[in-house]
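Undergrad: Just dropping this structure here.
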Amino acid sequence: MKFRGVGDFLVKATSTVFFIGYLPLVPGTFGSLAGVGLFYLLKGTTSVTYFLFIFGIIALGLMTSGRTEKLLNKKDPGCIVIDEVAGMLIALSFMPYDFKIVFLNFMIFRILDTLKPFPAGKLQYLRGSAGVLADDLIAGIYTNIVVLLVLNLYLRV
């Protein structure tokens, strides 16, 4: 991993979520777990604060992911995990801090992030940061909808 300066170091540190993306085997899973950790750290904050935090993560991802692609000369390298963090936080929006529900969100998010249902599969081919983030944001939205539907059906039975 070569750095051309402090700026490149900060770009890579941000897009890889402080180098979590360089953990071996399944960096996307580690990135998703980082999102779960942030979810619990944000416990007790207002919805406004939670969504401002998500928008901040997305903004950081948009500012850094495309540059990291260029630095590594690779389209959507696995070490970029800020997209998984953002997607996981979206998936967990409006969810209670219940381990079983968080685990369900995590599992469904990982499955949908892997399968890339429409339009996620197409959006991942967008150029630069948008392509890196789009599929994970869609997976987060889909996960959130699925889990909220399951919870509503479960609670009505």
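Undergrad: Can you tell me how many residues within segment 90-108 are part of a helix (DSSP H, G or I) and surrounded by 15 or more Cβ atoms within 10 Å (Cβ to Cβ)? Quick ask: steps written out before the conclusion?
TA: Taking segment 90-108 as the starting set, the residues that turn out to be part of a helix (DSSP H, G or I) are 90-91, 99-108.
Narrowing the set further to residues that are surrounded by 15 or more Cβ atoms within 10 Å (Cβ to Cβ) leaves 90-91, 101-102, 104-106, 108.
Selection size over segment 90-108: 8.
Undergrad: Here's a follow-up. Of all residues in segment 61-75, count the ones that are surrounded by 18 or more Cβ atoms within 10 Å (Cβ to Cβ) and either under 13 Å from the mean Cα position of the chain (by Cα) or in a loop (DSSP other than H, G, I, E, B) (or both).
TA: Matching residues across segment 61-75 total 2.
Undergrad: Moving on to the next point. Taking A130, is it hydrophobic (A, V, I, L, M, F, W, C) and within 15 Å of L33 (Cα to Cα)?
TA: Details: hydrophobic (A, V, I, L, M, F, W, C): yes; within 15 Å of L33 (Cα to Cα): no.
So A130 does not fit the description; no.
Undergrad: Under 6 Å between Cβ atoms, which residue pairs at least 6 apart in sequence (or on different chains) link something in segment 65-81 that is more than 12 Å from A130 (Cα to Cα) with a partner that is among the hydrophobic types (A, V, I, L, M, F, W, C) and in a loop (DSSP other than H, G, I, E, B)?
TA: Note: pairs meeting the criteria are T68/I80; V81/V17.
Undergrad: In addition: Can you name the number of the only condition in (1) under 14 Å from G35 (Cα atoms); (2) under 13 Å from the mean Cα position of the chain (by Cα) that Y97 fails?
TA: Tallying (1) under 14 Å from G35 (Cα atoms); (2) under 13 Å from the mean Cα position of the chain (by Cα), Y97 fails exactly one: (2).
Undergrad: Now for a separate question. Anything in segment 109-154 that is in contact (Cβ under 8 Å) with a residue 24 or more places away in the chain, within 23 Å of T14 (Cα to Cα) and outside any helix (DSSP H, G or I)? List them, or say none.
TA: Within segment 109-154, Q124, R127 qualify.
Undergrad: Out of all the residues in segment 118-128, is one or more under 21 Å from G7 (Cα atoms), surrounded by fewer than 19 Cβ atoms within 10 Å (Cβ to Cβ) and touching a Gly at 6+ places or on another chain (Cβ under 8 Å)? If you could, list the steps in order and put the result at the bottom.
TA: Just the residues of segment 118-128 that are under 21 Å from G7 (Cα atoms), to begin with: 128.
Still in the running and surrounded by fewer than 19 Cβ atoms within 10 Å (Cβ to Cβ): 128.
So of that shortlist, the ones also touching a Gly at 6+ places or on another chain (Cβ under 8 Å) come out as 128.
The answer is yes; a qualifying residue exists.
Read-outs throughout are calculated quantities, based only on the coordinates presented, and are distinct from any laboratory measurement. These numbers come from a predicted model, not from an experiment. Glycine gets a Cβ as well: all are built from the backbone with ideal geometry, and neighbour counts include every protein chain shown.
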